[in-house]
1. Which number in (1) at pLDDT 95 or above; (2) away from the ligand (no atom under 16 Å from the Cβ) marks the one condition that S185 misses?
2. Any residue at all in region 455-475 that is in contact with a Phe, Trp or Tyr (Cβ under 9 Å, 6 or more places away or on another chain), under 27 Å from V386 (Cβ atoms) and of a type outside the set (K, R)?
3. Out of the residues in region 75-116 meeting the condition of being within 15 Å of the chain's Cα centre (by Cα) and assigned to a strand (DSSP E or B), tell me which one is nearest to V175 (Cα to Cα).
4. In region 296-309, how many residues are buried (at least 22 other Cβ atoms within 10 Å of the Cβ), aliphatic (A, V, I, L, M) and more than 9 Å from the ligand (Cβ to nearest atom)?
5. Could you tell me whether K437 is over 19 Å from G214 (Cα atoms) and in contact (Cβ under 8 Å) with a residue 40 or more places away in the chain?
6. Can you name the residue in region 98-131 that is farther than 22 Å from K331 by Cα and charged (D, E, K, R) and, of all such residues, is nearest to the ligand (Cβ to nearest atom)?
7. Identify all residues within region 427-466 that are within 16 Å of the ligand (Cβ to nearest atom), small (G, A, S) and closer than 16 Å to A306 by Cβ; write none if there are none.
8. Show the residue pairs meeting these rules: Cβ distance below 7 Å; 6+ apart or different chains; first residue within region 261-274 and within 13 Å of F75 (Cβ to Cβ); second residue buried (at least 17 other Cβ atoms within 10 Å of the Cβ) and acidic (D, E).
Amino acid sequence: MAITFSFPCSNRSFITSSSSRRRFKFNLQSSSQLSPTTTLPLQTTSLPKTGVIVIGAGLAGLAAAIHLNSHNIPFLLLEASDAVGGRVRTDSVDGFLLDRGFQIFITAYPEAQKLLNYQSLDLQKFYSGARIFYNDEFHTVADPIRHFWDSARSLVNPVGSVVDKLLIGATRVQVLTKSDEEILSAEESTTIDLLQQIGFSDSIIGRFFRPFFGGIFFDRELETTSRLFNFIFKCLALGDNTLPAKGISAIPEQLASRLPSSSILFNSKVTSIDLVESESLTVTLQNGEVMTSELGVILAVEEPEAVKLLAGKGGTVQKTPVRSTACLYFKAGRDQIPVQDPVLFLNGSGKGIVNNMFFATNVAPSYGPPDKALVSVSLIGSYEGVPDKDLAARVVEELSGWFGEKTVRAWEHLRTYRVGFAQPNQRPPTNLWKSPKVGPGLYICGDYVISATFDGALVSGRRAAEALLKDKALARA
Ligand SMILES: Cc1cc2nc3c(=O)[nH]c(=O)nc-3n(C[C@H](O)[C@H](O)[C@H](O)COP(=O)(O)OP(=O)(O)OC[C@H]3O[C@@H](n4cnc5c(N)ncnc54)[C@H](O)[C@@H]3O)c2cc1C
């Protein structure tokens with residue numbers, strides 16, 4: 001028999017027994033203020049009475065939950081950690097906002113445009129281009145549409161030939177003529193093969209594309225699929241690179257604010273998903289608690305965790321190596337940094353461990369106290385085994401060669417984030433439009449089933465919810 005539980009707030013103190021099997025009953029209601037326990041009349045007599053369990057409150061899980069919520073389908077979102085966001089989190093440390101790894105929000109992401117309120121994110125823009133450290137000097141690469149004169153001046157710099165810069169323009173036109181669906185399902189190669197096939201010189205590939213797209217994919221070899229390269233290239237052409245004023249976590253927080261607070265349970269790690277009684281799925285939590293959902297389960301966890309939970313269920317095969325990164329933060333006086341402009345610096349020298357860096361407070365002053373600057377430095381690979389102190393010392397030494405020893409030695413190391421699983425490996429062959437259904441009532445979503453971007457995660461969450469609703473014939477016409 002079904003038992004109805006009451007979740008007074010977003011913690012999991014409601015779970016009292018560690019071994020019982022419970023069926024969580026969700027009553028359907030017509031209001032958007034959905035709660036797993038509110039009793040209201042059913043919309044149709046054929047609707048099942050139990051709701052959906054969504055596992056993982058990253059962007060994919062939140063998008064799935066928003067879609068279910070918008071169709072008045074009751075759901076419960078189980079999150080292993082203490083907050084929403086997954087890989088998109090921000091910590092507040094000594095008055096600084098530290099994103100857990102360098103992340104950029106591109107305003108042209110199509111699904112994000114539908115789901116997010118950009119105005120309240122108070123997006124702070126980067127300069128549209130980059131400054132490249134090469135041959136002991138900085139060289140600017142600029143977007144010709146937004147910074148025409150910078151771009152014209154950069155035509156003759158040694159980052160690439162004039163032909164290379166014209167080819168960038170031609171590539172831009174080419175991607176803009178295609179739909180996202182066409183791009184994500186087009187014939188594919190590795191990004192490096194595509195760049196060589198377009199005719200880019202080794203100079204611009206090594207000095208610009210490797211650090212720039214290598215930094216986006218955490219893959220300096222540029223083995224990532226050309227589909228992802230073209231998708232990101234198109235979004236970069238159409239939108240701005242930004243940071244929300246309150247940190248990157250403002251994005252998932254805004255999504256979560258659209259859900260009933262009682263629908264998200266934190267510190268609720270799922271350890272297994274099992275099929276019982278034909279189409280009923282049970283979800284077991286780390287503490288032994290078992291929940292049942294007759295409508296279905298949407299698994300929205302990161303790829304390595306999905307591989308574990310789906311073992312033997314024909315779920316997903318993980319490509320290796322996965323993409324990892326380390327991000328080091330330093331603080332400095334606002335007068336102790338060499339530039340005040342919101343520009344991304346790239347390492348085009350082919351030497352050293354720094355891939356890219358920027359002065360976060362130049363982009364978003366809210367990332368630090370008024371008189372302080374926040375320096376963010378990104379490496380590709382997580383450098384496990386190298387102590388934080390040694391890693392920070394190597395970075396300081398390297399950047400001293402960029403900005404001068406006196407300047408960089410004055411910076412104080414704040415924190416290092418190492419992200420072992422930053423992104424799935426998306427080298428060809430890829431299927432960026434995988435079916436979300438993996439079994440009866442069981443659906444997957446996340447950046448590993450689509451493009452490994454914020455936008456991909458959001459789309460995949462929606463698609464998983466749509467597939468579930470369609471299978472259960474719950475979607476409104
Ligand atoms: C450092 C870094 C920089 C990035 N930069 C960019 C960028 O600039 N632009 C861009 O578009 N993308 C970027 N990405 C990629 C982007 O962040 C991801 O593609 C996206 O956030 C993935 O969302 P997701 O919901 O698929 O997975 P996740 O964010 O990993 O969410 C999965 C959630 O599931 C939870 N979970 C896991 N296991 C369990 C379990 N057993 N039970 C319950 N809950 C569980 C996790 O705690 C987590 O909250 C970056 C990623 C990183 C790490």
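The values are calculated or read from the model by the stated rules, or taken from the named source; none is laboratory data. Computed from a predicted model, the values in this text were never measured in an experiment. Cβ sites come from the backbone with ideal geometry, for glycine too, and all protein chains shown count toward neighbours.
1. Going through (1) at pLDDT 95 or above; (2) away from the ligand (no atom under 16 Å from the Cβ) one by one, S185 breaks only (1).
2. From region 455-475, those in contact with a Phe, Trp or Tyr (Cβ under 9 Å, 6 or more places away or on another chain) are 455-456, 458, 460, 463-465, 467-468, 471; that's our starting set.
After this cut, where a residue has to be under 27 Å from V386 (Cβ atoms) as well, the list is none.
Looking through region 455-475, none of the residues is in contact with a Phe, Trp or Tyr (Cβ under 9 Å, 6 or more places away or on another chain), under 27 Å from V386 (Cβ atoms) and of a type outside the set (K, R).
3. Only one residue fits best here, namely I106.
4. 2
5. Answer is no for this residue.
6. That would be E111.
7. Scanning region 427-466 gives G446, A452, G456, A457, S460, G461, A464.
8. What qualifies is I264/E79; L265/E79.
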